[in-house]
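Down below is the structure, laid out as structure tokens.
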Amino acid sequence: MIVAAGKTQADPGAASAALAQLCQTYWPPLYTFVRSRGYSVHDAQDLTQGFFAHLIENKIHLRADRELGKFRSFLLASLKNFISHAREREQTLKRGGGRDFVAFDDARAEEAESLFQTHVSSGRSLVSEDRLFEKSWAETLVETALGRLAAAYKAEGKENLFEKFRGFLAVGADPLPSYPELAARLAMTESTIRSHVTRLRARYREMLRAEVRRTVDSESEVDAELRELLRVLIEK
């Protein structure tokens, strides 16, 4: 997917699709990192969009060596370098410099700002910028997977079912209600509730694996990334 993003001349369709996935996954954590550097909302938006334009147009991603570290670490290092030379690249900063293959998504930008403000209100903004980036990366993956799962349940006419049991998917949440408590509240048998929860968790794991799989080469790497994601999520 990342390689396809660099082939803008050979296969524009594939490049656009790849870039859309790239931006969806990494836009919020990269934006959060820029905001943590003290940039305003609009300046952070411009820098993030400009970075993606610079990344794809100059095929920076092709320099990544998976043996030297994770792709997201490469992206963060590239962003730091981009910011340090931002004034020299002023033409690329305005929401991607007008380049059609970097579409600006207002909804995505609002979600990213909300994520940053959550970190600020929780005191996480006091941690290092790199750790804040990692936290945002993990939370973005989780929210993306949850969104896809919610959409799947809605398409099947089971939206209410998803809302009733989504709490069982949370990491580090408050204590969950017992099955007997839920059975009494929802007028369902415990075995039915257990079946719904088991199925929901299984589908969520698949959604999350699918998101992680977009940026790694093998199933073993997916497992390693999922372990890292869990570590980042529960880290104080």
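The values are calculated or read from the model by the stated rules, or taken from the named source; none is laboratory data. Since this is a predicted model, take the numbers as computed values, not measurements. As a convention, Cβ positions derive from the backbone with ideal geometry for all residues, glycine included, and neighbour counts pool all protein chains shown. Ligands, DNA and RNA are excluded from the accessible area calculation, which covers all protein heavy atoms including side chains. Shrake-Rupley method; radii C 1.70, N 1.55, O 1.52, S 1.80 Å.
So for Ser136, Ser114, Ser121, what's the accessible-area order with a 1.4 Å probe, most first?
Ser121, Ser114, Ser136
If you count only protein heavy atoms and use a 1.4 Å probe, how large is the accessible surface of Asp217, to the nearest 10 Å²?
Approximately 100 Å² for this residue.
Rounded to the nearest 10 Å², what accessible area does Lys154 have for a 1.4 Å probe in the complete protein model?
130
Once phi is turned into θ = phi - 60°, what whole-Hz ³J(HN,Hα) does the Karplus curve with 6.51, -1.76 and 1.60 give for every residue of segment 206-221, x standing for Gly and Pro?
Couplings: 5, 4, 5, 4, 5, 5, 5, 4, 5, 10, 10, 9, 9, 5, 5, 5 Hz.
At Val216 and Ala155, where each label point lies 7 Å from the Cα along Cα→Cβ, what is the point-to-point distance in nanometres?
Result: 2.5 nm between the two label points.
Taking θ = phi - 60°, what integer Hz values does the Karplus form 6.51 cos²θ - 1.76 cosθ + 1.60 yield along segment 28-33, in sequence order, with x for Gly and Pro?
In residue order, the calculated couplings are x, x, 5, 4, 4, 4 Hz.
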